[in-house]
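What follows is a single structure, written as C-alpha cells, with notes after it.
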Amino acid sequence: MQLPPALCARLAAGPGAAEPLPVERDPAAGAAPFRFVARPVRFPREHQFFEDGDVQRHLYLQDVIMQVADVPEKPRAPEARLLGRVPAFACQVAGCCQVFDALDDYEHHYHTLHGNVCSFCKRAFPSGHLLDAHILEWHDSLFQILSERQDMYQCLVEGCTEKFKTSRDRKDHMVRMHLYPADFRFDKPKKSRSPASAEAPGDSGERSEGEAMEICSEPVAASPAPAGERRIYRHRIPSTICFGQGAARGFKSNKKKTKQC
Amino acid sequence: MWSRRQGRLRPTVCGVEELRRRRREREAALRKARREQQLVSKRLLRNDAPEEAGEGCVAAILGETEVQQFLRQAQRGTEEKEREGALVSLRRGLQHPETQQTFIRLEGSMRTLVGLLTSNQALLQLEAARCLHELSHSEQSTVAEACLPATSYLLTYLSSHSSDFIELCLYTLGNLIVESEAVRRQLLPQGIVPALAACIQSPHVAVLEALGYALSQLLQAEEAPEKIIPSSILASTLPQHMLQMLQPGPKLNPGVAVEFAWCLHYIICSQVSNPLLIGHGALSTLGLLLLDLAGAVQKTEDAGLELLACPVLRCLSNLLTEAAVETVGGQMQLRDERVVAALFILLQFFFQKQPSLLPEGLWLLNNLTANSPSFCTSLLSLDLIEPLLQLLPVSNVVSVMVLTVLCNVAEKGPAYCQRLWPGPLLPALLHTLAFSDTEVVGQSLELLHLLFLYQPEAVQVFLQQSGLQALERHQEEAQLQDRVYALQQTALQG
C-alpha cells in the first residue's frame with residue numbers, strides 16, 4: 001500500500017480542516033432499487049466484527065505475543081532490578097536490624113513495618129487510611145467523648161461514608177453490606193484489657209511476630225464463638241529480629257494481658 | 001512494563017516452530033472461546049530470580065503431606081529464612097494444577113495462607129501473596145474461588161505503599177475478577193471500584209499497568225454494562241483519570257495506555273453514557289493519541305503498537321456515532337484532517353503487519369467520512385483514493401468497507417465525483433464486479449450508480465471497457481438483479 005509522500009508532512013504540520021467541497025445531492029441517488037445511505041456504524045461489544053482484535057488482545061494477556069514498545073523508564077535502582085541482588089545492607093530504622101540483599105525486599109519491609117506506624121502505640125498498618133482510623137478511635141479522647149453522642153465509627157471500606165455508634169455496629173455493617181470477614185484483622189475494637197480466654201484444643205490459629213501488627217487468632221476448632229470480643233495474643237520473636245521500643249512494650253507492658261502459649 | 005516479565009518459566013528448549021505452533025493453537029482456542037462468549041484470559045506474574053530458574057527449575061508436584069508441612073513450617077518455623085523458604089517451596093509447587101487442588105482440599109490451608117498474608121513479616125507476606133497469585137491464575141473455578149477469603153485483604157493492601165506488593169495484589173485481583181460472576185458479586189460490595197480508583201494516583205508505571213489490567217477485566221464482565229459501569233465506574237473519577245493516561249506526550253507509557261484504552265473500549269461499546277465521556281474530552285484525547293500512534297508507527301519497526309491502536313480505533317469509531325458529537329460546542333470535536341492522515345498511516349502499518357485489523361481501521365474511516373464533507377474532501381485533496389483502492393484485494397470484508405467509504409465520498413454530489421473520475425476508480429470497479437461475493441458486487445453497483453448519476457461521462461468509458469458484460473454476470477443473482485438491471489438501463493440510455 002503506497003501512501004502519497006506528502007502525507008507524512010501533513011501529519012507533522014499543524015491542525016486544520018479541509019474546506020469542504022460543495023455538497024449537492026440528487027434525489028435519484030437514493031431511489032430504489034439503490035439503497036446506499038451514508039451513515040456511521042456502531043458495533044456492540046459482543047459483535048463478531050471484534051473477533052480478530054479481541055483474540056489478539058487475549059494473546060497479549062496470555063503473553064503469547066510480544067510486549068508493547070518499551071519507553072525507557074527510569075528504574076529506581078537499575079543494577080538491583082537487573083540482578084535482583086546487591087551487597088547486604090540493613091534497615092535504617094532505629095532498632096530494626098533486618099538485613100536485605102534486594103532493594104525490592106527492603107522496600108516492602110519498610111512499608112509494611114515502618115510505614116504507617118502509630119506514633120502512640122507503635123502498631124503498623126497497611127495504609128494511611130487505616131492508620132488514621134486507628135489513631136482517631138484509639139488515641140483521640142475527643143473522639144471518645146463525641147462518640148457518646150453521635151455516630152463516629154466510620155466504615156473502613158474505601159468509598160463508603162456510613163458511620164456507626166459502636167465499633168461492633170460498624171463490624172456488623174462491614175460483614176453484612178460489604179461481605180467482609182467477621183474476623184477482619186484490621187478492625188480490632190479497642191479494649192483496655194483482654195480477658196484471659198481459653199484456647200480450644202488443637203488450635204492451629206496464626207501467630208503474630210513482634211509487635212508491629214495486631215493479629216487476632218481465633219480457634220479454628222468447633223468451639224462456639226465467645227460472646228464478648230476477646231483477643232488472644234501470642235508473641236514470639238525470632239532471634240534474627242530485634243525491635244526497639246515496640247518489642248519491649250510487648251513483653252513489659254501492663255496494658256494488655258498476654259496469653260503465652 | 002510487562003516486558004520485565006518476559007523470561008519466565010518457559011522451557012528453554014523451545015524453537016521458533018514450537019512457539020509458532022503454540023501460538024496457532026492458542027489463537028484457535030481463543031477464537032472458539034470468543035464465539036462461545038467465554039473469552040477469559042488471566043495474567044501470570046512470575047519473577048523468579050535467575051538462580052531459582054536453574055537446575056530443577058520445573059518444580060515437582062506436592063502431595064498433601066508436603067503441603068501441610070510447608071504450611072506448618074511457614075506458620076510456626078523459628079528461623080525467618082526457614083519460614084520464607086517453606087513458602088517459596090509451596091509457591092513453586094502451586095504452579096501445578098494438582099498441587100493447587102491438593103491445597104484447596106486441605107482444611108484450614110487458605111486460612112493459614114491468609115494469616116501469613118496479613119502477618120507483619122514483610123517477606124512472608126510477599127511470598128504468601130505470590131502463592132495466592134498462582135492460585136488465582138488457575139483455570140479451574142474451584143481453585144480461584146477458594147481465594148475469596150483473601151479478597152478483603154487484597155483490597156486493603158491496594159492502599160498500602162509498597163508498589164511491588166500492590167502490583168501483585170492487582171494482578172491477583174484481576175485474575176479473580178474474571179473468574180466468575182460469583183466472585184464479582186463479592187468484590188463489588190467489598191469496594192473494589194473505589195479501591196481501584198484510589199490506586200490510579202500511583203506514580204508507579206507498573207502499578208498503573210496492573211491497575212489497568214484489573215479494571216479491564218472488571219469492565220469486560222458480561223454484567224458490566226448493567227451492573228458495574230453505570231453505578232460504580234461512571235460515578236467515580238476513573239473516566240477522567242483513564243483519559244489522562246491516554247494523553248500523548250512524554251509521560252505516556254504504552255503498556256499502561258494499552259490497558260486503559262481497552263478499559264475505555266469496554267465502557268464505550270456498552271453505550272451506557274458516552275455523552276459523559278465526550279464531555280470529558282474523549283474525542284480530542286483519542287484523536288491526538290491517534291496522531292501520536294501514527295508518528296510512532298513510522299519510527300518503530302515492530303513494537304506491538306497495534307495492541308494500542310486497536311482499542312483507540314474502536315473507541316473513536318463508536319464515539320463518533322453519538323449524537324452528542326454534533327452538539328458539543330455546536331460542532332464536531334474531531335475536525336482535524338490530520339486524523340485522516342494518521343489513519344492512513346496506520347492502515348498501511350496494518351496492511352504490512354496485521355491485516356486482520358484493516359476492517360477496524362476502515363470502520364473508523366467510514367464513521368469519519370459518512371456525515372462529513374470536510375473529511376471526504378480531505379480524502380480527495382490528500383490523494384488517498386488510490387491507496388484506498390490498493391486495499392481492495394485484501395479480503396471481501398475489506399473490499400466492502402473500501403467501497404462503502406468511496407460511496408460516502410461519491411454520494412456528496414458532483415463536486416466530489418468529479419474528483420473521482422477519471423482515475424483508477426473505474427478500472428477498480430470493473431475489477432470488483434468480477435468478484436463472486438454478493439456484498440462486494442452489491443456495493444460496487446451502488447458506487448457505480450452514484451458515479452453514473454453525478455459523472456455521466458463515466459458511462460461511455462464503462463461501456464467501452466466491457467462494463468455491460470461485467471454486469472451481465474450477475475443478472476440472475478436475486479440480491480443484485482434489480483440494481484444490475486437499473487444500471488444496464490442507465491448505461492444503454494447514456
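The values are calculated or read from the model by the stated rules, or taken from the named source; none is laboratory data. Keep in mind it's a predicted model, so treat the numbers as computed, not measured. Because the Cβ atoms are built from the backbone with ideal geometry, glycine has one as well, and the counts that use them run over all protein chains shown. When the accessible area is computed, the model is the full protein with side chains, heavy atoms only, and any ligands, DNA or RNA have been set aside. Shrake-Rupley method; radii C 1.70, N 1.55, O 1.52, S 1.80 Å.
Relative to the longest principal axis of chain B, what angle (0 to 90°, nearest 10) does the C-alpha long axis of helix B:338-353 take?
Helix B:338-353 sits roughly 70 degrees off the main axis of chain B.
Counting only other chains, and only Cβ atoms inside 10 Å, what mean value do you get across the residues of B:451-459?
Details: counts 0, 0, 6, 5, 0, 0, 0, 0, 0.
Taking the mean over all residues of the peptide, I get 1.
Once R0 is set to 41 Å, what does the formula 1/(1 + (r/R0)^6) return for the Cβ-Cβ distance between B:Q69 and A:M177, expressed as a FRET efficiency to the nearest 0.05?
On the way: r = 40 Å, r/R0 = 0.96.
That gives a FRET efficiency of 0.55.
Return the average number of partner chain Cβ atoms within 10 angstrom of each residue Cβ along peptide B:185-191.
Mean partner-chain Cβ count within 10 Å for B:185-191: 5.
So how exposed is A:R57, as accessible area in Å² (1.4 Å probe, rounded to 10)?
Its accessible surface works out to 10 Å², give or take rounding.
Above 19 angstrom, tally the Cα pairs of segment A:7-65 and express them as a % of all pairs, no decimals.
Considering segment A:7-65, 69 percent of its Cα-Cα pairs are separated by more than 19 Å.
Relative contact order of chain B, please, whole-number percent, based on alpha carbon pairs below 8 angstrom and at least 6 residues apart. Show your work: numbers first, answer last.
Working: 570 pairs, mean separation 37.2, N = 494.
After rounding, I find 8 percent.
Given an 8 Å cut-off on Cα distances and at least 6 residues of separation, report the relative contact order of segment A:90-146 as a percent.
On the way: 42 pairs, mean separation 10.4, N = 57.
Averaging sequence separation for qualifying contacts and normalising by length gives 18 percent for segment A:90-146.
Where the only charges are on Cβ atoms (+1 Lys, Arg; -1 Asp, Glu), what is the dipole of chain B about its Cα centre, to the nearest 20 debye?
Details: 39 positive and 50 negative charges, 124 e Å.
Charge dipole of chain B: 600 debye, to the nearest 20.
So what's the angle, to the nearest 10 degrees on a 0 to 90 scale, between helix B:163-177 and the longest Cα principal axis of chain B?
70
At 1.4 Å probe size, with the rest of the protein present, what percent of the exposed accessible area of segment B:379-448 is carbon and sulfur atoms?
Values: 1140 of 2120 Å².
Percent of accessible area from carbon and sulfur atoms in segment B:379-448: 54.
Tell me, what ³J(HN,Hα) does each residue in segment B:64-80 have, in order and in whole Hz, if you take phi through Karplus 6.51 cos²θ - 1.76 cosθ + 1.60 with θ = phi - 60° and put x for Gly and Pro?
4, 4, 5, 4, 4, 4, 5, 4, 5, 4, 5, 7, 10, x, 8, 7, 5
Which value, in square angstrom to the nearest 100, describes the accessible area buried between chains A and B on both sides, using a 1.4 angstrom probe? Don't jump to the answer; show the numbers that get you there.
Values: alone 20080 and 23600 Å², together 32180 Å².
Protein heavy atoms only, the A-B interface buries about 11500 Å².
From Cα pairs below 8 angstrom and at least 6 apart in sequence, can you work out the relative contact order of segment B:82-199, rounded to a whole percent?
Numbers: 116 pairs, mean separation 26.9, N = 118.
Over segment B:82-199, the number comes to 23 percent.
Ignoring ligands, DNA and RNA, how do B:D437, A:D172 rank by accessible area with a 1.4 Å probe, largest first?
Numbers: B:D437 45, A:D172 70 Å².
Accessible-area ranking of B:D437, A:D172, largest first: A:D172, B:D437.
Take A:Q2 and A:A28, extend 7 Å from each Cα along the Cα→Cβ direction, and tell me the distance between the two endpoints in nm.
It works out to 3.6 nm between the two label points.
Can you tell me how much longer the chain between A:L146 and A:C91 gets when fully stretched, taken as 0.36 nm per residue apart minus their C-alpha distance, in nm with one decimal?
Working: separation 55, 0.36 × 55 = 19.80 nm, distance 4.03 nm.
Between A:L146 and A:C91, full extension yields 15.8 nm more.
So which of B:K353/B:K412; A:K122/A:K188; B:K227/B:K251 end up more than 24 Å apart, counting from Cα to Cα? Show your work: numbers first, answer last.
Values: B:K353/B:K412 33 Å; A:K122/A:K188 15 Å; B:K227/B:K251 33 Å.
Flagged as over cut-off: B:K353/B:K412; B:K227/B:K251.
Can you work out ³J(HN,Hα) from phi for every residue in segment B:28-43, in order, using Karplus 6.51 cos²θ - 1.76 cosθ + 1.60 and θ = phi - 60°, giving whole Hz and x for Gly and Pro?
The phi angles translate into 4, 4, 5, 4, 4, 4, 5, 5, 8, 6, 10, 7, 10, 9, 10, 9 Hz.
Rounded to the nearest 0.05, what FRET efficiency do B:D482 and B:Q271 have when you use their Cβ-Cβ distance and R0 = 30 Å?
Working: r = 35 Å, r/R0 = 1.16.
The pair B:D482/B:Q271 has a calculated efficiency of 0.30.
Using a 1.4 angstrom probe and counting only protein chains, how large is the accessible area of B:Y171 in Å², to 10?
0
Given a 1.4 Å probe and the protein chains all in place, what does the accessible area of B:E27 round to, in Å² to the nearest 10?
Its accessible surface works out to 50 Å², give or take rounding.
Skipping prolines and chain starts, which residues have an amide H placed within reach, meaning under 5 Å, of the one on A:N116, given they are 5 or more residues away or on another chain?
When sequence neighbours closer than 5 places are left aside, the close amide H contacts are A:F125.
Residues of segment B:391-494: accessible area per residue at 1.4 Å, in Å²? Intermediate results must be reported in sequence, preceding the final value.
On the way: 4230 Å² over 104 residues.
Accessible surface, normalised per residue, equals 41 Å².
Ordering B:S317, A:S141, B:S273 by how much accessible area each has at a 1.4 Å probe, largest first, what is the list?
Putting B:S317, A:S141, B:S273 in descending order of accessible area: A:S141, B:S273, B:S317.
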